[in-house]
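Notes follow the structure.
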Amino acid sequence: MTWEHLERGSSPVDWCEGNYLVSPDIAEFVNTISNILFLLGPPFLIYLFKDYGRFIQPAIHLIWVLLIVVGLSSAYFHATLSLLGQLLDELTILWVFMATLSLFSIPATYLLYKELKIVQDERVYRLGVRNTTILIMAIVCWINDRMFCDTWSRLNFPYLHGFWHILIFISAYPACVLFAYFFVNDERPESRPTLKYWPRNDCELGIPYVSINYDKKFDDAI
């Protein structure tokens with residue numbers, strides 16, 4: 001790694017959005033600011049998962065912190081198009097993936113699919129379906145931006161990678177929520193995990209999280 005790799009434009013990757021069209025300091029403006037959810041969402045998740053972190057798995061908060069790092073790294077990459085930014089962007093995504101597997105184990109990936117097929121809680125099942133649908137939409141945006149840039153540029157809409165950022169966050173954190181739900185449901189069923197939504201539990205368009213139902217005796221044991 002040399003100083004040249006810190007320079008703007010040193011990355012061989014350049015997405016469909018035109019460079020420096022909005023600001024002379026930001027290469028890809030939409031691709032940069034579309035990472036905002038990675039910065040705003042995790043603090044809410046840290047708060048909503050405070051009981052889960054206290055009674056089940058404190059390291060759950062590591063995933064939320066790493067999502068913030070992903071957002072910062074991605075924003076830096078798209079703002080500068082530097083090779084260092086590209087490496088940080090790719091490495092932090094790998095860190096989140098590895099942290100998730102470390103917390104919930106590799107079989108949890110299969111468990112997620114298996115549990116969604118047999119889960120009795122309709123809210124959990126619907127979250128899994130929505131999560132899968134949004135993930136597919138995110139992948140479609142990524143592929144179109146990368147492979148059909150000329151077509152979208154002619155349509156004056158070279159911003160699908162920005163939508164990828166938004167959709168992949170909306171897909172990624174509920175996947176972690178589902179991992180957390182099935183993990184505690186399998187390993188600590190006495191905690192009686194419940195999928196809830198913030199700010200209104202009767203609205204499934206809110207932020208999903210896992211509520212732990214603990215009693216005084218369990219609290220004292222901790």
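The values are calculated or read from the model by the stated rules, or taken from the named source; none is laboratory data. Keep in mind that what you see is a predicted model, and the values were worked out from it rather than measured. Note that each Cβ is placed from the backbone with ideal geometry, even for glycine, and that neighbours are counted across all protein chains shown. Surface accessibility is based on the protein's heavy atoms, side chains included, excluding ligands, DNA and RNA. Shrake-Rupley method; radii C 1.70, N 1.55, O 1.52, S 1.80 Å.
Below are the figures for this structure:
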read-out: 179, 49, reordered so the largest accessible area comes first (probe 1.4 Å); value: 179, 49
read-out: Order of exposure, largest accessible area first, which applies to 47, 159, 173 with probe 1.4 Å; value: 47, 159, 173
read-out: The chain: Cys lacking any partner C-beta under 4.7 angstrom; value: 141, 176, 203
read-out: Crossing angle, helix 60-80 versus the chain [Cα axis fit, 0-90 degrees, rounded to tens]; value: 10
read-out: Crossing angle, helix 36-48 versus the chain [Cα axis fit, 0-90 degrees, rounded to tens]; value: 10
read-out: Relative contact order (%) - the chain, alpha-carbon pairs under 8 angstrom, separation at least six; value: 22
read-out: Probe 1.4 Å, protein heavy atoms only - accessible area per residue of the chain in square angstrom; value: 55
read-out: Accessible surface of the chain [probe 1.4 Å, protein heavy atoms]: carbon and sulfur percent; value: 66
read-out: Spatially near lysine pairs across the chain, Cα under 23 Å, sequence gap of 8 or more or different chains; value: 6
read-out: Accessible surface of residue 14 - all protein chains present, 1.4 Å probe, nearest 10 Å²; value: 70
read-out: Anisotropy class of the range 4-212 from Cα gyration tensor, a/c 1.5 cut; value: prolate
read-out: For the range 134-140, 3J(HN,Hα) per residue [Karplus equation, 6.51 cos²θ - 1.76 cosθ + 1.60, θ = phi - 60°, Hz, x = Gly/Pro]; value: 5, 4, 4, 4, 5, 5, 4
read-out: Degrees separating the helix 107-118 axis from the principal Cα axis of the chain, which is the longest one; value: 70
